[in-house]
Amino acid sequence: MTENKKVFISYSWAVQDRVIDLADRLISNGIDVILDVYDLKEGQDKYAFMEQSINNASVDRVLIICDKIYTEKANERIGGVGDETVIISQEVYGKINQKKIIPIIFEVDENLRPYCPHYIQSRIYIDLS
(Lines give C-alpha, C1' and ligand atoms only; values in the text may rest on other atoms or scores of the structure.)
Protein backbone atom coordinates (compact mmCIF):
# COMPACT_ATOMS: atom_id res chain seq x y z
CA MET A 1 0.00 0.00 0.00
CA THR A 2 1.50 3.32 -1.02
CA GLU A 3 1.28 6.24 1.34
CA ASN A 4 -0.08 9.57 0.11
CA LYS A 5 2.42 12.33 -0.38
CA LYS A 6 2.15 15.15 2.16
CA VAL A 7 2.81 18.85 1.63
CA PHE A 8 2.84 21.90 3.86
CA ILE A 9 1.91 25.21 2.22
CA SER A 10 3.55 28.44 3.39
CA TYR A 11 1.93 31.64 2.11
CA SER A 12 0.83 35.18 2.91
CA TRP A 13 -2.83 35.69 3.68
CA ALA A 14 -3.04 38.15 0.77
CA VAL A 15 -3.46 35.17 -1.58
CA GLN A 16 -5.38 32.89 0.77
CA ASP A 17 -8.28 32.24 -1.63
CA ARG A 18 -5.91 31.10 -4.38
CA VAL A 19 -3.98 28.97 -1.90
CA ILE A 20 -7.16 27.27 -0.73
CA ASP A 21 -8.03 26.55 -4.39
CA LEU A 22 -4.57 25.02 -4.90
CA ALA A 23 -4.82 23.01 -1.68
CA ASP A 24 -8.25 21.68 -2.68
CA ARG A 25 -6.89 20.62 -6.10
CA LEU A 26 -3.98 18.83 -4.45
CA ILE A 27 -6.31 17.09 -1.99
CA SER A 28 -8.62 15.99 -4.81
CA ASN A 29 -5.56 14.40 -6.46
CA GLY A 30 -4.66 12.37 -3.38
CA ILE A 31 -2.11 14.68 -1.75
CA ASP A 32 -2.31 15.23 2.01
CA VAL A 33 -2.12 18.98 2.58
CA ILE A 34 -1.18 20.75 5.80
CA LEU A 35 -2.65 24.26 5.68
CA ASP A 36 -3.29 26.62 8.55
CA VAL A 37 -6.95 27.21 7.64
CA TYR A 38 -7.55 23.44 7.75
CA ASP A 39 -5.22 22.29 10.49
CA LEU A 40 -4.45 25.14 12.92
CA LYS A 41 -7.15 25.26 15.57
CA GLU A 42 -8.08 27.80 18.21
CA GLY A 43 -5.76 27.64 21.20
CA GLN A 44 -2.87 26.11 19.27
CA ASP A 45 0.49 27.85 19.02
CA LYS A 46 0.91 29.07 15.43
CA TYR A 47 4.71 29.15 15.65
CA ALA A 48 4.89 25.57 16.91
CA PHE A 49 2.48 24.59 14.11
CA MET A 50 4.74 26.18 11.47
CA GLU A 51 7.94 24.68 12.88
CA GLN A 52 6.46 21.20 13.29
CA SER A 53 4.96 21.27 9.79
CA ILE A 54 8.21 22.33 8.14
CA ASN A 55 10.46 19.96 10.10
CA ASN A 56 8.09 16.98 10.13
CA ALA A 57 9.81 14.01 8.47
CA SER A 58 6.48 12.81 7.06
CA VAL A 59 6.10 16.06 5.07
CA ASP A 60 7.49 15.36 1.59
CA ARG A 61 7.40 18.94 0.27
CA VAL A 62 7.04 22.48 1.57
CA LEU A 63 5.43 24.71 -1.03
CA ILE A 64 6.45 28.35 -0.69
CA ILE A 65 3.75 30.47 -2.33
CA CYS A 66 5.61 33.51 -3.63
CA ASP A 67 3.76 36.77 -4.19
CA LYS A 68 4.82 40.37 -3.57
CA ILE A 69 3.71 40.45 0.07
CA TYR A 70 5.22 37.07 0.94
CA THR A 71 8.51 38.08 -0.67
CA GLU A 72 8.66 41.41 1.18
CA LYS A 73 7.80 39.81 4.54
CA ALA A 74 10.28 36.96 4.01
CA ASN A 75 13.10 39.31 3.00
CA GLU A 76 12.42 41.61 5.97
CA ARG A 77 11.64 38.72 8.38
CA ILE A 78 8.27 40.26 9.29
CA GLY A 79 5.27 38.50 10.88
CA GLY A 80 4.43 34.82 10.48
CA VAL A 81 6.06 34.73 7.05
CA GLY A 82 9.28 36.05 8.60
CA ASP A 83 9.15 33.39 11.30
CA GLU A 84 8.60 30.65 8.71
CA THR A 85 11.49 32.06 6.68
CA VAL A 86 13.88 31.60 9.60
CA ILE A 87 12.79 27.96 9.93
CA ILE A 88 12.76 27.23 6.19
CA SER A 89 16.05 28.96 5.40
CA GLN A 90 17.83 26.60 7.81
CA GLU A 91 16.52 23.70 5.73
CA VAL A 92 17.51 25.41 2.45
CA TYR A 93 21.02 26.41 3.53
CA GLY A 94 21.65 23.25 5.54
CA LYS A 95 20.80 20.88 2.70
CA ILE A 96 22.03 22.24 -0.61
CA ASN A 97 20.78 19.24 -2.59
CA GLN A 98 17.38 19.11 -0.96
CA LYS A 99 14.12 18.75 -2.89
CA LYS A 100 11.74 19.42 -0.01
CA ILE A 101 11.37 23.20 -0.47
CA ILE A 102 9.63 24.23 -3.72
CA PRO A 103 8.96 27.87 -4.61
CA ILE A 104 5.59 28.37 -6.32
CA ILE A 105 5.40 31.72 -8.12
CA PHE A 106 1.95 33.30 -7.78
CA GLU A 107 2.87 36.84 -8.86
CA VAL A 108 5.40 38.69 -11.05
CA ASP A 109 6.48 42.33 -10.99
CA GLU A 110 5.93 44.93 -13.72
CA ASN A 111 9.02 43.60 -15.56
CA LEU A 112 7.64 40.04 -15.42
CA ARG A 113 10.26 38.97 -12.86
CA PRO A 114 8.88 36.52 -10.33
CA TYR A 115 8.48 37.65 -6.75
CA CYS A 116 10.67 35.22 -4.83
CA PRO A 117 12.44 35.67 -1.47
CA HIS A 118 16.21 36.07 -1.58
CA TYR A 119 16.93 32.82 0.24
CA ILE A 120 15.28 30.66 -2.47
CA GLN A 121 15.95 32.68 -5.64
CA SER A 122 18.49 30.15 -6.87
CA ARG A 123 15.97 27.31 -6.66
CA ILE A 124 14.01 26.00 -9.62
CA TYR A 125 10.42 27.11 -9.17
CA ILE A 126 6.96 26.35 -10.51
CA ASP A 127 5.31 29.36 -12.16
CA LEU A 128 1.58 29.66 -11.46
CA SER A 129 1.47 33.41 -12.04
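The values are calculated or read from the model by the stated rules, or taken from the named source; none is laboratory data. This one's a predicted model, so the numbers in the text were calculated from it and none came from an experiment. Ideal geometry is used to build each Cβ from the backbone, glycine not excepted, and the neighbour counts take in all protein chains shown.
Quick grid of which residues meet (1) closer than 22 Å to residue 124 by Cβ; (2) in contact with a helix residue (DSSP H, G or I) (Cβ under 8 Å, 6 or more places away or on another chain):
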{"residue": "6", "(1), (2)": "yes, no"}
{"residue": "16", "(1), (2)": "no, yes"}
{"residue": "65", "(1), (2)": "yes, yes"}
{"residue": "70", "(1), (2)": "yes, yes"}
{"residue": "82", "(1), (2)": "no, yes"}
{"residue": "103", "(1), (2)": "yes, yes"}
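Among the residues of the stretch 20-72, write down those that are among the charged types (D, E, K, R), closer than 19 Å to residue 83 by Cα and part of a strand (DSSP E or B). Result: 61, single match.
So which of 92, 7 is at pLDDT below 85, surrounded by 12 or more Cβ atoms within 10 Å (Cβ to Cβ) and of a type in the set (A, V, I, L, M)?
Details: 7 fails: at pLDDT below 85.
92 is the lone residue from the list that is at pLDDT below 85, surrounded by 12 or more Cβ atoms within 10 Å (Cβ to Cβ) and of a type in the set (A, V, I, L, M).
Would you point out which residue out of 57, 14 is hydrophobic (A, V, I, L, M, F, W, C) and either at positive phi or exposed (fewer than 13 other Cβ atoms within 10 Å of the Cβ) (or both)? 57 is the lone residue from the list that is hydrophobic (A, V, I, L, M, F, W, C) and either at positive phi or exposed (fewer than 13 other Cβ atoms within 10 Å of the Cβ) (or both).
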